[in-house]
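Remarks on the structure that follows.
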Amino acid sequence: ASGSPFQFNAEADRPAWEREQPPRSADRFPDGYLDLLTWQSRRVFLRPDRDGDGQVVVRAVVLMKGEQPPASYSWRGRETMVAFRPYANAKEGDPWPPLKLDEERLFFRDSLALVQSASGGLDPPAMIHWLKTLMDEESLTPSGVIPLDVVGFTVDRAKPLFWRHERFPLPVALLVEACLVDEMRLMLDAGESIGKALGQAAFTAAELLLSSSAGEAGGRTPDRGETRIVAQSFAIESGYWSRLETAFYHHLQALASASPERIEAVLEAWTSEAIQLARCSFEDGLRNLDHSGRSLKALTRARRRLDFLLQPLQPRSSRELEVRS
């Protein structure tokens with residue numbers, strides 16, 4: 001078991017092709033690290049036939065369920081390539097399930113999972129701990145950047161939902177400077193707060209498009225589900241997050257290389273750019289509205305709502321400048 005991420009009986013452990021029994025559709029616990037690395041979660045049965053010349057050919061295959069660990073099996077401490085998030089209300093099954101990709105969220109929004117300690121609510125992949133070991137051995141320099149590939153495939157039972165491949169440039173300094181992780185959290189929190197404000201402004205626009213009297217005394221309030229569908233059709237929030245991803249990587253690199261006295265300036269620059277991108281996404285999302293009175297009213301009220309929500313999120317230097325002007 002030397003070099004493996006967990007302890008097991010080495011005599012019982014072997015790869016799938018050396019096991020005495022072929023995989024079956026059944027639950028069982030992995031025997032060790034080699035067994036886990038070559039786990040047969042699916043089976044493929046080839047149906048042979050003969051062509052006109054008597055040659056053996058395969059004309060059909062049957063895909064079948066393979067083996068799976070019991071629901072009580074915990075992957076934490078065994079699977080080295082994923083992060084884990086605690087599930088406080090888990091009455092059955094794994095209390096530390098793997099962190100899954102979300103079709104509606106780019107990975108950078110959950111990137112704290114790469115650098116935050118388990119005490120902070122997330123447990124990074126074991127490979128991140130190995131990188132920290134290389135740092136301790138001075139095999140990596142704090143000024144370096146490691147390009148991490150984030151790959152995920154999400155299913156609902158046997159139904160594939162989506163797959164994604166992203167690349168995350170991880171500054172090595174984040175692995176050794178706990179204070180930088182805290183600043184990274186502030187960056188992500190600011191981005192989320194701005195995104196939430198943008199979503200509320202989009203909802204306001206959708207509400208007024210469906211009912212020009214919404215929000216007024218005696219006015220008709222449209223169905224929230226219908227309003228949400230119209231708001232999502234603007235693609236304002238998705239446009240914001242796709243714009244913000246590149247900006248986040250840029251400011252994260254600046255944060256990792258900043259001197260202590262420059263960190264606040266980096267955070268303010270990040271927030272200012274995020275707000276600017278939010279405004280651009282808002283205007284682009286509502287650009288194709290017609291010029292009717294209802295549309296102009298919806299645009300004006302929604303823009304005013306966005307300004308109101310973004311005002312307290314502005315960097316302190318920007319707020320002071322607005323007051324002086």
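A few comments on the model shown:
- With the simple model of a label 7 Å out from the Cα in the direction of the Cβ, Glu18 to Val62 spans 3.1 nm.
- (1) 38, 24, 15; (2) 31, 28, 17; (3) 46, 31, 18, with the label sought being that of the calculated semi-axes √(5λ) of the Cα gyration tensor in Å: (3)
- Check: region 247-300 dipole with +1 on Lys, Arg Cβ and -1 on Asp, Glu Cβ, in debye: 300 debye
- Using the Cβ-Cβ distance between Asn89 and Arg287 with R0 set to 45 Å, the FRET efficiency from 1/(1 + (r/R0)^6) comes to roughly 0.55.
- Distance from region 1-76 to region 151-230 (C-alpha centre basis), Å: 39 Å
- Antiparallel DSSP beta bridges within the chain, percent to nearest 5: 95 percent
- Each label was represented as a point 7 Å from its Cα along the Cα-to-Cβ direction; for Ile263 and Asp102 these points are 2.7 nm apart.
- Length released on extending from Tyr73 to Ala10, taking residue separation times 0.36 nm less the Cα-Cα span: 20.8 nm
- Under-5 Å amide H pairs with Leu170, H placed in peptide plane, nonlocal only: Ile146, Leu148
- Positive end of the dipole of the chain (Cβ unit charges, origin at the Cα centre): among Ser139, Leu161, Val56, the Cα lying farthest that way belongs to Leu161.
- Rounded to the nearest 500, the helix-only mean residue ellipticity at 222 nm of the chain stands at -13500 deg cm²/dmol, with each DSSP H run of n ≥ 4 adding -39,500 (n - 2.57).
- Within straight-line cross-link reach of Lys159, aspartates and glutamates at Cα separation under 13 Å, skipping those fewer than 8 residues along the same chain: none
- When a 1.4 Å probe is rolled over the protein heavy atoms, the share of accessible surface on the chain that falls to carbon and sulfur comes to 52 percent.
- Taking Cβ atoms as reference points and 15 Å as the exclusive limit, the residues near Ala12 contribute a net charge of -3, counting Lys and Arg as +1 and Asp and Glu as -1.
- For region 1-41, GluC sites (Glu not before Pro) are listed when DSSP marks them as loop and at most 15 other Cβ atoms sit within 10 Å of their Cβ; the list is Glu11, Glu20.
- Accessible area per residue for region 115-212 is 50 Å², calculated with a 1.4 Å probe on protein heavy atoms, without ligands, DNA or RNA.
- Estimated FRET transfer efficiency (Val145, Arg42; beta-carbon r; R0 45 Å; 0.05): 0.80
- Estimated FRET transfer efficiency when R0 is 51 angstrom, pair Asp31-Glu192 (beta carbons, to 0.05): 0.75
- Assuming charge only on the beta carbon of Lys and Arg (+1) and of Asp and Glu (-1), the dipole of region 85-244 about its Cα centre is about 480 debye to the nearest 20.
- Ser233 contributes about 90 Å² of solvent-accessible surface, heavy atoms of the protein only, 1.4 Å probe.
- Selection from Leu299, Ser233, Leu277 lying farthest towards where the dipole of region 214-325 points positive, charges on Cβ: Leu299
- Placing +1 on each Lys and Arg Cβ and -1 on each Asp and Glu Cβ, with no other charges, gives the chain a dipole about its Cα centre of roughly 1260 debye.
The values are calculated or read from the model by the stated rules, or taken from the named source; none is laboratory data. Every value quoted in this text rests on a predicted model; they were computed, and no experiment measured them. Cβ atoms come from the backbone with ideal geometry, glycine included; neighbour counts cover every protein chain shown. Just so you know, the surface numbers come from the protein's heavy atoms only, side chains and all, with ligands and any DNA or RNA stripped out. Shrake-Rupley method; radii C 1.70, N 1.55, O 1.52, S 1.80 Å.
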